[in-house]
Structures are given as structure tokens and as C-alpha cells.
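Since every read-out is calculated from the coordinates, none of them should be taken as a lab result. Note that this is a predicted model, so its numbers are computed, not measured. Note that each Cβ is placed from the backbone with ideal geometry, even for glycine, and that neighbours are counted across all protein chains shown.
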Amino acid sequence: MRLPERFFPEKKELSVIAYFPFSSDDSLGEWKEKVLRKKVKYSVISSPAESYVRAVSNGTCSSMYHTLKLNADIRPVLSWKWRVVGFPEKKYSDDLKSREEDDFAARMYVIFPALFFANSRVLEYIWAQDLGIGTISSSPYSDNIKLIVLRSGPTENGAWKKEERDIYEDYVSAFHARPKYKIGAVAFMCDSDSTGSSAEAHFDDIKIFIKK
């Protein structure tokens, strides 16, 4: 399944709910780490030219998450910049339905937690290596996790790519229903544990805001 074509009129930014420019060494202090299989190395890289989070995975899998409480009905927008420096080494082509090589260099999450954890729902944006952009699939671990391919393959000269997503619209496209639960967290991750290889990605300027 692929995201339907939509054309959104330009809107002005109304209010910023959260913004993370990662401009200082302690910028990750507002985030917590969820370790799934050993820790990915997340560090803030700062120079006069730019600053960002560098994520390096060596056979590891952990994410950085920030909690919040937000009603998706107010149509929040999630934006960020990212780039992939190294993809995990796979024997086969990317397969969103397979657990065997379930590694991706860069992932961004919007989490809708439920009182009973198994009922929680998740939007997971992926930078794949060879999948079609716009592809949507359930995670191999749960139908309550929807994977959306936003980028695929390397970029020239390590260029940054900026994303801006209407969370409500993406939820409806993925789950074919309105959000039942509030947004409880956003997260990002780089992982290479399933392949036992390595991967590297950079993240920056994560923002949640409302447009009018």
C-alpha cells in the first residue's frame, strides 16, 4: 500500500509545541533512551557550521524518545531533518514484513500509547535502502505498528533531507481510522542488531507544531 497523493495548501506556523535544535552538548538531556538490544551511540556533534545528533549502531538497537501528551485531532505537524551515512549490511533486499533483517539506518516514530500496552499504536517513518517511497506496511511484530517509507537509498554528498508530516493524515492513511489515543511520545532510532552489522544516521531540528 502507498500513501495517497495529497496536496496541502500552504499554511503559516501558528504555535510550536516542542522544538529540538540539538545545538548544545546537553541537548539530549530532554530525551530518554529505550534499549532493545544494547545501546546505540547517540551523541551531539557541534561545530560553527552545524549541530546535530549522530547515531552509530554496531550490532545494537536502542531509541531516543521524548514524552508529551497531545491530541492528534488538533492536527499537529512533525518536522525534522535527517541523513543516512551508512546503511546496515543485508543479504537480501529490504522487506518490511520480515523480522530476519529488520534493520534500518534511520527511523522516526510517533507513539500513541494505550492503557494496555499491546493496544498502543505507532507510526514509524523509515529511511530504507531499496524500497519504494510512500510504501506503507504493518510491522512484522504488530499490526498496530505501521511502517511508512519516506526515503530510500543514499543521497548525493550526504545531503540533509527535511520532512514535514501531518500526523493525523498519516494515521488515517495507515490505519484507516481516526486516532483513538493521544500522542504520548516521539522517538528516533538507528539500528543494525538483526544483521549484526553497522549503520549511521544523523538527526536534527525535530519540531512539533500547529499550522493555521
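Observations
- The fewest-to-most ranking of Ser24, Ser198 by surrounding Cβ atoms within 10 Å reads Ser24, Ser198.
- Antiparallel DSSP beta bridges within the chain, percent to nearest 5: 90
- GluC sites (Glu not before Pro), loop per DSSP, at most 16 other Cβ atoms within 10 Å - longest free stretch of the chain: 101-212
- With the charge dipole of segment 22-63 set up from +1 on Lys and Arg Cβ and -1 on Asp and Glu Cβ about the Cα centre, the Cα lying farthest toward the positive end among the listed residues Ser23, Cys61, Ser43 is that of Cys61.
- Centroid-to-centroid, using Cα positions, segment 54-112 and segment 169-197 are 8 Å apart.
- Ranked by how many other Cβ atoms sit within 10 Å of their own Cβ, fewest first, the residues Arg75, Arg178, Arg165 fall in the order Arg178, Arg75, Arg165.
- Structural size metrics of segment 56-199, computed from C-alpha coordinates, are Rg and Dmax of 14.8, 45 Å.
- For the chain, the Cβ-based charge dipole about the Cα centre amounts to some 660 debye (Lys, Arg positive; Asp, Glu negative; other atoms uncharged).
- Virtual spin-label span in nm between Ser23 and Val35, 7 Å along Cα→Cβ: 3.3
- Packing-based exposure ordering (other Cβ within 10 Å, fewest first) of Cys190, Cys61: Cys61, Cys190
- Listed by chain and number, the aspartates and glutamates whose alpha-carbon sits under 16 Å from that of Lys161, ignoring those within fewer than 8 places in the same chain, are Glu50, Glu200, Asp204, Asp205.
- Overall Cα dimensions of segment 143-195 - principal axes, largest extent first, Å: 41, 27, 19
- Anisotropy class of segment 38-106 from Cα gyration tensor, a/c 1.5 cut: oblate
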